[in-house]
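The values are calculated or read from the model by the stated rules, or taken from the named source; none is laboratory data. Quantities reported herein were computed from a predicted structural model and do not represent experimental measurements. Don't worry about glycine lacking a Cβ; one is built from the backbone with ideal geometry, like all the others, and counts go over all protein chains shown. Just so you know, the surface numbers come from the protein's heavy atoms only, side chains and all, with ligands and any DNA or RNA stripped out. Shrake-Rupley method; radii C 1.70, N 1.55, O 1.52, S 1.80 Å.
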Amino acid sequence: MTKPVLEILYDGDCPFCSHYVKMLWLQKNFDCRLQNAREHLDLVEKFRAQGMEVSDGFIVTLHGRALHGADALSLLSRLSESDRVLNRTLTVAFRNRHFARLSYPIMKAGRLVVLKLLGRKARIE
């Protein structure tokens, strides 16, 4: 049986984004395709045209439906499985859409600060 394709477009220059997508345990149930937005500017433009800015949050596509930011985070948390304490704690917390939406602006602000400290551009172009 063929696994469903799960595509994740994220900022490869952001250490938080890179670490998060790598710690997800999705390969068991999905054909997981991690795409660094800085290397796939065509996808960045495609989603911008649809009103989704990857510089403001990663984008997840599953079954032809794209989710952005907190909604993408919540979906990934609901789909992910892990037996590690930190991973399980994060996935359980972010499965709640309300919690994900409340905490996402704080995470975005942290991303901006870290990228600035590292001398990297926050906007993907």
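Structure notes:
- Of the cross-linked pairs Lys28/Lys116; Lys22/Lys121; Lys3/Lys121; Lys3/Lys108; Lys46/Lys121, those separated by over 27 Å at the C-alpha level are Lys28/Lys116; Lys3/Lys121; Lys3/Lys108.
- Dipole of segment 1-72, positive direction: furthest Cα of Pro15, Gln35, Gly57, with charges on the beta-carbon: Gln35
- Ranking His63, His68, His19 from most to least accessible surface, computed with a 1.4 Å probe over the protein chains only, gives His63, His19, His68.
- In the complete set of protein chains, residue-level accessible area for Phe30 is approximately 20 Å², probe 1.4 angstrom.
- Taking Asp11, Asp31, Asp42 and ordering them by how much accessible surface each has at a 1.4 Å probe, largest first, produces Asp42, Asp31, Asp11.
- Label sites at Lys3 and Val114, each approximated as a point 7 angstrom past Cα along Cα to Cβ, lie 2.5 nm apart.
- Bridge type composition, segment 1-70 - antiparallel percent by DSSP, nearest 5: 55 percent
- DSSP bridge pairs, the chain: antiparallel proportion in percent, nearest 5: 55 percent
- In the chain, the DSSP-assigned H stretches of four residues or longer account for a calculated mean residue ellipticity at 222 nm of -15000 deg cm²/dmol, using -39500 (n - 2.57) per stretch and the full residue count as denominator.
- Coupling constants for segment 103-120 follow from the phi torsions by the Karplus curve (6.51 cos²θ - 1.76 cosθ + 1.60, θ = phi - 60°), and in residue order they are 8, 4, x, 5, 5, 4, 4, x, 4, 4, 5, 5, 4, 5, 4, 7, x, 10 Hz; glycine and proline get x.
- Ligands, DNA and RNA excluded, the heavy atoms of Ile106 present near 120 Å² of accessible surface to a 1.4 Å solvent probe.
- Potential extension, Arg123-Asp31 segment - 0.36 nm per residue separation minus Cα distance: 30.3 nm
- Which label in (1) 140; (2) 104; (3) 126 gives the computed volume of the Cα convex hull per residue in Å³: (2)
- Under 15 Å from the His40 label point (7 Å along Cα→beta-carbon), backbone N, segment 1-30: 5-13, 18, 21-22
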